[in-house]
């Protein structure tokens, strides 16, 4: 009986050792920085659907707040949910091409053309979710003017429009290397932020996105 168990255990080890590693993980150490970045970009661009859970923090001047973030992205539709002080309770945004509908826990409904627009109207904060669909995958927008890659071939910093994005931490998710923590800062003077009473807060916005979990990743 013991002999059978040990034989089965050894067989499992042999089979595991023969398992082919995902192409993304093979021979990465032998690639140059540019080759690693090309591989990283190609691999993560293939991600077309996902669900993430994490935390979104924003700050302008002395004012700020944070919320739990749940974000489902499926091709051209999105569902964004914010829970906590930043959202003033619970805020849900459903996004389709050219349309975004926000509903909060008080029954208020706001319609617009983007998640950023309706969230700004409801919360007073600019959160560029259209761009985050790229940045959250560790990718620059197609028209980003400046990017910086680290020695591992991962996006370290980018400049897009009024935004500077810095990648603070990555994590391995299945066969992907995906951002875990990133900081997004607007250029000074580019955005003027006011509180709900109309009081001026500041002209520079700082966002921290922490992604604690990736689920239901689909390539296509």
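Just so you know, all these numbers are worked out from the coordinates, no wet-lab data involved. Predicted model only: the values in this text are computed from it and were never measured. Positions of Cβ are backbone-derived with ideal geometry, glycine not excepted, and every protein chain shown enters the neighbour counts.
Quick notes on this structure:
- Across all directions, the average flat footprint of the convex hull enclosing the Cα atoms of the chain is 16.3 nm².
- Zone of residue 159's modelled label, taken as backbone nitrogen in segment 170-200 under 18 Å from a point 7 Å along Cα→Cβ: 183-191
- Between residue 114 and residue 166, the C-beta separation translates, for a Förster distance of 41 Å, into a calculated FRET efficiency of about 0.95.
- Once both labels are positioned 7 Å from their Cα atoms along Cα-to-Cβ, the gap between residue 34 and residue 62 label points is 5.1 nm.
- Remark: 173, 165, 127, 109 ranked as 109, 173, 127, 165, counting other beta-carbon atoms within 10 Å and listing the fewest first.
- Average projection area in nm² (convex hull over Cα atoms of segment 36-142, one quarter of hull surface): 7.3
- Most mobile of 74, 190, 62 in a GNM of the chain (Cα contacts under 10 Å): 62
- Simple label model, 7 Å out from Cα along Cβ direction - residue 146 to residue 216, nm: 3.8
- Within the chain, helix-based [θ] at 222 nm, where runs of 4 or more DSSP H residues each add -39,500 (n - 2.57), nearest 500: -6500 deg cm²/dmol
- Fluctuation leader among 65, 153, 198 - the chain, Gaussian network, Cα springs under 10 angstrom: 198
- Helix 2-18 and the longest principal axis of the C-alpha atoms of the chain enclose an angle of approximately 60°.
- Among 136, 66, 175: highest mean-square fluctuation, GNM of the chain, C-alpha pairs under 10 Å: 175
- Gyration tensor (Cα) of segment 86-153, equivalent ellipsoid semi-axes in angstrom: 29, 13, 10
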